[in-house]
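See below for the structure under consideration.
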2 protein chains.
Amino acid sequence: MVTMKEIAKQAGVSVSTVSLVLNNRDEGRVRDTVANQVRAIASQLGYQSNPLASSLRTGRTHMLGFISEDVATTPYAGGIILGAQTAARQLGYMLIVVSTEGPQNEAQEIEALKRYGTDGFLYAKMSNRITNVPEALKDMPLVLVDATDEAGIIPSVEPDEFHIGYDATKRLIASGCERIAYVGAEDPIIAERGRLDGYRAALAETGRTFDEHLVVHVGNNEPALDAVNTLFDSACPDGFFCFNDARAWYVYECAARRGLTIGRDISVVGVDNHRVFADTLVPQLTTVELPHFEMGYWAATKLVSMIEESSLADMEWPDTTAPLPPLNAPVPAAIHCALIEKDSVRQ
Amino acid sequence: MVTMKEIAKQAGVSVSTVSLVLNNRDEGRVRDTVANQVRAIASQLGYQSNPLASSLRTGRTHMLGFISEDVATTPYAGGIILGAQTAARQLGYMLIVVSTEGPQNEAQEIEALKRYGTDGFLYAKMSNRITNVPEALKDMPLVLVDATDEAGIIPSVEPDEFHIGYDATKRLIASGCERIAYVGAEDPIIAERGRLDGYRAALAETGRTFDEHLVVHVGNNEPALDAVNTLFDSACPDGFFCFNDARAWYVYECAARRGLTIGRDISVVGVDNHRVFADTLVPQLTTVELPHFEMGYWAATKLVSMIEESSLADMEWPDTTAPLPPLNAPVPAAIHCALIEKDSVRQ
DNA sequence: ATGAAAGCGCTAACAC
DNA sequence: GTGTTAGCGCTTTCAT
């Protein structure tokens, strides 16, 4: 492994000079000819800085911790992680993902990450739950991903549920549906509220009146199927906006029983859950994908900006209303939802 | 952050002594009374070693790299990662997971991990594919997970496909099935061969003759459904061993069309893919789960043993034939497959 | 049995 | 402008 010492020797200068040059702190401190020579030798030798060694002096490891208990269970975690990792890499950071099981294990893992000197933390809780943030994280740079803290004080990146509902409903309207149902979730989770509002807004905007008979809130269980069955019979919808693919599944099942074909007799839009449905089994099912990659990407970007205390002004922050532009990874065409960034009073 | 220096000061000894004691290298070198006092002060002060600082001297960071391109796309990745992380933590290591996209990105990520001084690598490729191991990994301690290298030289941990097929088929036999079909995969992937062999072995063992009309190899697509349809009509199976849940799905669909109920008229065992089927939608579907957690766990254990060059003799290596005992995480009851560890000539 | 000293690779004051 | 010096926290000879 090639060190600054070697470069210094070859260039006939001191290590300090090499350090200055390689950290781009040489403006007006090191002669250009010397600086260039150092750079030349460095690249020729294939010099790679040793981040661990510098961390000893600077107190910055350029490592970010990513904490979540859903990594092992949720397929989405991958998208968020990939986004966060992409941003981290671009900014010169290393992302360390840790999946936890229960509070005491979580504390232990955070402890371990702190020992390794991570500069800050991403704390993710899939599907935007209100979250008790672990004490051990509160004194560190911290950004929540797909989660909200009780007090609403910590910076977070969340999907814009309103736009998801709005967009999905508008699509159904655009495809000619007259009686659009909303098959929502049972629990009063954050997403539910926003999506319903978006659904109503889209209806209102196109001069339709909200009809509560077209709305059901179901769990992920047996009674759900009955409820959707009843919905079919009592309200005769021709379009369905479903909270997720699992809910969309019930619609599919009920339609099949009635000999209705999705995409011809009725239209269905679901928000992604287990994408396998839409991908392989029910290709007629349209999904609105949650911007997992983007959430991770922006959360990591925000975190680094906090760590480096650079002003947020020069961050290209995502437009909260417009569809996101593709970042560096390919973004599925179906993404039509935006991010909101609930900025906070810094503690 | 409390350092050895502080402990040394409080104990009235030198840092070297503290280092000796805290690394358990004090046998016959440090007086017991002193050693005990040092330990007492250390724990009282809540001393935590700084792994980065020691790495500077020892060249060991106690960090393991986990490389895979499937993290973002496959739900299984989580299980493997969790297993690897659990083992790493127990052995005093930190797991750094990196998901890659394409070979050049992969090389870049490996490069980054090396700069951070990872002691060794886990290289995962879900569903046991034959793999070209990146050059950059070949000079490092390396264990493959759910993958095999072309030359069969690198240590790997893979599911025992034979036992999966054998076990699944035996279950169908035990539940009274007479005509057991195998709905396999189309591609000649490693798993396919082993599972088919297991299927045949189970049949042979119970005095049944192998009937090739009961076997189909299908993709994950439209024609698959037709093939399974034909299988139903031509061979009249009463039991199905399916390569994965997606294949099991076709069976479910065909059964539904014929008014057959799974669990009563026919029996189905699938190997897990998208577990959602068995969990929520088709509860009658029995799944054999792949030992993702265990694979990650043992792979990390093996890797550490290589890094520390401890003899493999004193490792509790898993029995390759018996069902795995539960490790530290809860293991689903459905696990009935074993791990094989293809040990290799060290380069 | 213990401590002094050197050094891992790098950064940061401070001389000159 | 550049080199010298000191030191981050820890390990490791090598004296004593």
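Each value in this text was obtained by applying a stated rule to the coordinates, not by laboratory testing. The shown structure was predicted, so the numbers you read here are calculated from the model rather than taken from an experiment. Don't worry about glycine lacking a Cβ; one is built from the backbone with ideal geometry, like all the others, and counts go over all protein chains shown.
Summary of computed values
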read-out	value
Leading residue at positive end of dipole, chain B (Cβ point charges), from B:ASN229, B:ILE189, B:LEU290	B:LEU290
Cα-centre dipole for the stretch B:168-214 with unit charges at Cβ (Lys and Arg positive, Asp and Glu negative), debye to 20	240
For chain B, alpha-carbon Rg and Dmax in angstrom	25.2, 86
Dipole magnitude of the protein assembly as shown, debye to nearest 20 (Cβ charges: Lys/Arg +1, Asp/Glu -1, about Cα centre)	2140
Positive dipole terminus of the stretch A:33-131, leading residue within A:PHE121, A:ILE110, A:THR131 (C-beta point charges)	A:PHE121
Residue (of A:ILE96, A:ILE154, A:MET140) at the positive-pole extreme of the stretch A:93-172, dipole from beta-carbon charges	A:ILE96
Dimensions in Å of the stretch A:179-276 - Rg and Dmax from alpha carbons	12.6, 35
Residue of B:GLY259, B:GLY239, B:GLY79 that the Gaussian network model of chain B assigns the largest fluctuation, springs spanning Cα pairs under 10 Å	B:GLY259
Equivalent-ellipsoid semi-axes of the stretch B:1-99, from the Cα gyration tensor, Å, largest first	37, 12, 12
For the stretch B:184-236: relative contact order, % (alpha-carbon pairs under 8 angstrom, 6 or more apart)	38
Semi-axes of the equivalent ellipsoid for the stretch A:124-179, Cα gyration tensor, largest first, Å	35, 9, 8
Binned Cα-Cα distance frequencies in the stretch A:123-246 - 10 Å width, integer %	13, 38, 27, 16, 6, 1
Student exercise, the stretch B:86-190 dipole from Lys, Arg, Asp, Glu Cβ charges, in Debye to nearest 20	360
Burial ordering of B:ARG193, B:ARG57, fewest other beta-carbon atoms within 10 Å first	B:ARG57, B:ARG193
Distance between modelled label sites at B:GLN48 and A:ASP265, nm, 7 Å Cα→Cβ extension	6.1
Shielding by other protein chains, B:92-99, mean Cβ within 10 Å	6
Pseudo-label separations to other copies for A:GLU205 - Cα-to-Cβ vector, 7 Å, nm	6.2
Relative intensity, log₁₀ I(q)/I(0), of the protein assembly as shown from a Debye sum that treats every alpha carbon as a point, q = 0.07, 0.09 Å⁻¹	-0.57, -0.90
Calculated [θ] (222 nm, deg cm²/dmol) that DSSP helices of n ≥ 4 give over the protein assembly as shown, each run adding -39,500 (n - 2.57)	-12500 deg cm²/dmol
A:VAL15 paired with A:MET1, simple spin-label distance in nm, labels 7 Å along Cα-to-beta-carbon	1.4
Degrees, to the nearest 10: A:77-90 long Cα axis against longest axis of chain A	30
Against the rule of thumb 2.2 N^0.38 Å, how large the Cα Rg of the stretch A:76-148 comes out	1.07
Ascending count of other beta-carbon atoms within 10 Å, so fewest first, for B:SER99, A:SER234	A:SER234, B:SER99
Helix B:222-235 axis, angle to chain B major axis (alpha carbon atoms, nearest 10°)	60
Förster radius 45 Å - calculated FRET efficiency between B:ILE130 and A:GLU309, Cβ distance, rounded to 0.05	0.40
Mean-position separation - Cα centroids, the stretch B:153-168 and the stretch A:160-215, in angstrom	48
Ratio Rg/Rh, restricted to the stretch A:50-196 and using Cα atoms, in which Rh is the Kirkwood radius	1.08
Peptide B:51-58 - average C-beta neighbours from other chains (10 Å radius)	4
Additional length obtainable on full extension of the chain from A:GLU27 to A:GLN90, 0.36 nm per residue less Cα span	20.3 nm
Filter on B:LYS138/B:LYS302; A:LYS125/B:LYS302; A:LYS5/B:LYS114 - keep pairs with C-alpha separation over 22 Å	A:LYS125/B:LYS302
Protection proxy ranking, peptides B:101-113, B:179-191, average beta carbon neighbours within 10 Å, highest first	B:179-191, B:101-113
Across the identical copies, how the B:ASP265 labels are spaced - nm, sorted shortest first, 7 Å along Cα→Cβ	2.1
Among A:ARG200, A:ARG25, A:ARG171, residue whose mean-square fluctuation peaks in a GNM of chain A (springs only between Cα atoms under 10 Å)	A:ARG25
Environment charge at B:ILE173 (Cβ cut-off 13 Å; Lys +1, Arg +1, Asp -1, Glu -1)	+1
